[in-house]
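Notes follow once the structure below has been shown.
Just so you know, all these numbers are worked out from the coordinates, no wet-lab data involved. Small disclaimer: the values here were computed from a predicted structure and weren't measured. Because the Cβ atoms are built from the backbone with ideal geometry, glycine has one as well, and the counts that use them run over all protein chains shown.
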Amino acid sequence: MGVAETLLHTYDIVQGLGVGWRPPGRLSAAVLTRLFPDAPAGDPTAVLLWSTGRGPLPGRTPVTSWVWHAAVD
């Protein structure tokens with residue numbers, strides 16, 4: 001969850017500053033695998049941003065509420 005928080009809140013901050021930064025794909029993929037196991041396939045960064053209500057994903061309705069799966073299997 002710490003990686004997700006860092007990536008997502010950094011994204012929020014840079015958006016407010018007008019800086020063109022996106023979370024790295026490799027880290028986004030790791031967060032999706034661990035915290036969003038039901039996320040759709042696609043570009044990991046775009047899917048992470050969509051999964052947390054921060055961006056569109058073609059063919060999907062916008063996310064307005066979300067919960068990550070923190071349980072350890």
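Compute the orientation-averaged projected area for the chain from the convex hull of its Cα atoms and round it to one decimal in nm². Please list the in-between numbers first.
Details: hull surface 19.9 nm².
Here the figure is 5.0 nm², rounded to one decimal.
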Cβ-based exposure ranking for Ser51, Ser65, in which fewest neighbours within 10 Å come first = Ser65, Ser51
Would you look at the GNM of the chain, springs on alpha carbons closer than 10 Å, and say which of Val31, Val14, Val47 moves the most?
-> Val14
Given a cut-off of under 8 Å on Cα pairs at least six residues apart, what relative contact order in percent is computed for the chain?
-> 24 percent
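Which ordering of Leu27, Leu32 is given by a fewest-first count of other beta-carbon atoms within 10 Å? Provide the component values of the computation, followed by the final result.
Details: Leu27 16, Leu32 22.
Arranged by neighbour count, lowest to highest, Leu27, Leu32 become Leu27, Leu32.
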